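Shown next, in structure tokens, is the structure this report addresses.
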Amino acid sequence: MSRIRCPILSTKVVTAQQAVTHIQSGDRVGMSGFTGAGYPKKVPGALAERAKEAHGRNEDFGIDLWTGASTAPELDGVLAEAGVLRRRLPFQSDPALRRAINSGLTEYVDTHLSHSAQQAWFGFYGPLNVAVVEVSAILPNGLLVPSSSVGNSKTWLDLADIVILEVNKWHPRAYEGFHDVYYGTRLPPGRRPLQLLDPLQRIGDPYLRVDPHKVVAVVETNAPDRNLPFKDSDDGSRAMADHVVDFLRHEVSHNRLPENLLPLQSGVGNVANAVMKNLTHSEFEGLTAYTEVIQDGMLDLIDAGKLSAVSATSFSLSAERAAHFNQHIESYKGRILLRAQEISNHPEIIRRLGIIAINGMVEADIYGNVNSTHVMGSTIINGIGGSGDFARNAFLNFFVSPSTAKHGVISAIVPFASHVDHTEHDTHVLVTEQGVADLRGLSPTARARKVIHRCAHPAYRDRLQDYFDRAVAAHPHGQHTPHLLREALSWHEHFQEHGQM
Ligand code: 0RQ
């Protein structure tokens, strides 16, 4: 059966090349896509070609691009390489785009993922000209069945002047029923409480809505999501995953967590995936998740019968796991719900449900400030993503990283973080392969002693202790958070000058 069953919209089917004639240089374009899932597959490539032709004629061609989160080489990659992206928000993880941002060609507005939709509604980014949204089907009445992510699609469809739809039949038709799109969003002062009390509760509709008169083109595709493989767990990530699971056990034994824990959030990356895998082999049962991304490890937990309910905004699966999911999609129905990212990452709900948040980091300083985004204070890696939405509002948060990077020449525990995404006031538990530092309820100096002792690599531990001791000695009247300002960032400087911290 055709995936485009709406009579009005079926008359609008065109090629991607024809579709992109509706996008003009200078436009603000909102595309679907979140962590390599549910992004348009053909239109971005055709847009890149169009821009290259314009550049070949010495004509200017550039756009602002808004998405849900990171996408894929067929979207961020081709557009960055073609030099089309003037401004990009709210999250990315593409190598070509990272180069464009770090070389100053693309302006990057790195925002909390729960904020991007409301900031677009507030008008902070200017009017949205075009939405390009992937869906898995169009129903006879014109309602849209989303695909493997919801992200910001609802907001882009509502705000944009014109809409281009990509209908991707690679996604199973059985995606219908996996989504919950909330249409009650109001701007202040008209906001109402979100009545969401457990991860699988429905508060919206299974479909995205679009005004059919705004749709200028419908493009048919049959192409997979990005579906990158995960690294096999190494000793370090297994050790970190063990520390997290042991810590959760400890919290249960002290009656600070129920036996089936609280809803889990797990960030992207190999360590987060390893933690989920570790839970599969643990005694914990009846788990739930209120998260943004479903990685392989969460599907493993569902398959093992340990995880009964997952709310997210997107998948981020390996090719093997995506194929398995697509084949057995019916068996996951009623256990997974995909929501808009303004709801999956909503502070109100994260606080109410009491989430356990587990996210990666680049570095942390001895006082607990966490850098999730920048190398040596200046070079962006990915972005803050949802880590701030979850960490600040969580019942319990973990920041996890190997204690060193780049084969040991960089310490992930430093005197002073070279960039701060999560302040010392937000951080609860730091985890490296060396151990766990529970910072809850501690003063800055007590935190510093614990972080150095429990988390730093032995090769850097004594030097950190020496820095701290001298900072304490140097500030008889500044004992709250003692620093040696001239030395605070000297480890980073030393790395830049000598290739070693
Ligand atoms: O680079 O592969 O070139 O060697 O950073 O590091 O250790 O493989 O860890 O994949 O878990 O990513 C913080 C980047 C960790 C991620 C970060 C280099 C390291 C490597 C990756 P190479 P690892 P991970 C939900 C939550 C922010 C967004 C977020 C992230 C590369 O977790 O982007 O949490 N978080 N979102 O070598 C120099 C250091 C370094 C360093 C690591 N101190 N100095 N380089 N690296 N530490 C998801 C969403 O929001 C969508």
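The numbers here are math on the coordinates, done by the rules we state, and not lab data. All of these numbers come straight from a predicted model, not from anything done at the bench. Glycine gets a Cβ as well: all are built from the backbone with ideal geometry, and neighbour counts include every protein chain shown.
Looking at segment 348-408, the trypsin sites (Lys or Arg not before Pro) that sit in a DSSP loop and have at most 11 other Cβ atoms within 10 Å of their own Cβ are Lys406. Across all C-alpha atoms in segment 37-113, the radius of gyration and Dmax reach 11.7, 38 Å. Its residue count N fixes a reference of 2.2 N^0.38 Å for the chain, and the Cα radius of gyration divided by that reference is 0.99. If you wrap segment 306-364's Cα atoms in a convex hull and average its projection over all directions, what's the area in nm²? Over every viewing direction, the Cα hull of segment 306-364 projects on average to 6.1 nm².
Based on the reciprocal of the average 1/r between different C-alpha atoms, the Kirkwood radius for segment 431-493 equals 12.4 Å.
In a DSSP loop and with at most 14 other Cβ atoms within 10 Å, the trypsin sites (Lys or Arg not before Pro) in segment 427-473 are Arg440.
Ignoring aspartates and glutamates fewer than eight residues from Lys231 along the same chain, the ones with Cα atoms less than 12 angstrom from its Cα are Asp296. Other residues whose C-beta falls under 14 angstrom from the C-beta of Val167 contribute a net charge of +3, scoring Lys and Arg +1 and Asp and Glu -1. Over all other residues within a Cβ to Cβ distance under 10 Å of Gly184, the charged ones net out to +3, with Lys and Arg as +1 and Asp and Glu as -1.
When you work out D = kT/(6 pi eta Rh) for segment 113-242 at 37 °C and 0.692 mPa s, using the Kirkwood radius from C-alpha pairs as Rh and the Stokes-Einstein form, the result is 193 µm²/s. Across the chain, the mean sequence separation of Cα contacts (distance under 8 Å, 6 or more residues apart), normalised by length, yields a relative contact order of 14 percent. Percentage of Cα-Cα pair distances in segment 317-454 greater than 20 Å, rounded to whole percent? Roughly 53 percent, once rounded to a whole number.
A prolate overall shape is assigned to segment 262-369, the ratio a/c of its alpha-carbon gyration tensor axes (a ≥ b ≥ c) being 1.5 or greater and a/b exceeding b/c. Within segment 366-430, the proportion of Cα pairs with more than 18 Å between them is 34 percent.
Projected onto planes of every orientation and averaged, the convex hull of the alpha-carbon atoms in segment 180-278 covers 11.5 nm². What percent of all Cα-Cα pairs in segment 376-501 falls into each 5 Å bin, going from 0 up to the bin containing the maximum distance? Over segment 376-501, the share of Cα pairs per 5 Å bin runs 2, 10, 19, 23, 23, 15, 7, 1, 0 percent. At the listed q of 0.26 Å⁻¹, the Debye profile of segment 169-217, built from one uniform point per Cα, gives log10 I(q)/I(0) equal to -1.06. Beyond 23 Å, the tail of the calculated P(r) for segment 81-181 holds 38 percent of the Cα pairs. Seen from Arg57, the other residues with C-beta closer than 15 Å to its C-beta sum to a net charge of -2, counting Lys and Arg as +1 and Asp and Glu as -1. Helical runs assigned H by DSSP (4 residues or longer) give the chain a calculated mean residue ellipticity at 222 nm of -8500 deg cm²/dmol, each run adding -39500 (n - 2.57) before division by the residue total.
Distance from the Cα centroid of segment 231-302 to that of segment 75-151 is 30 Å (rounded to whole angstrom).
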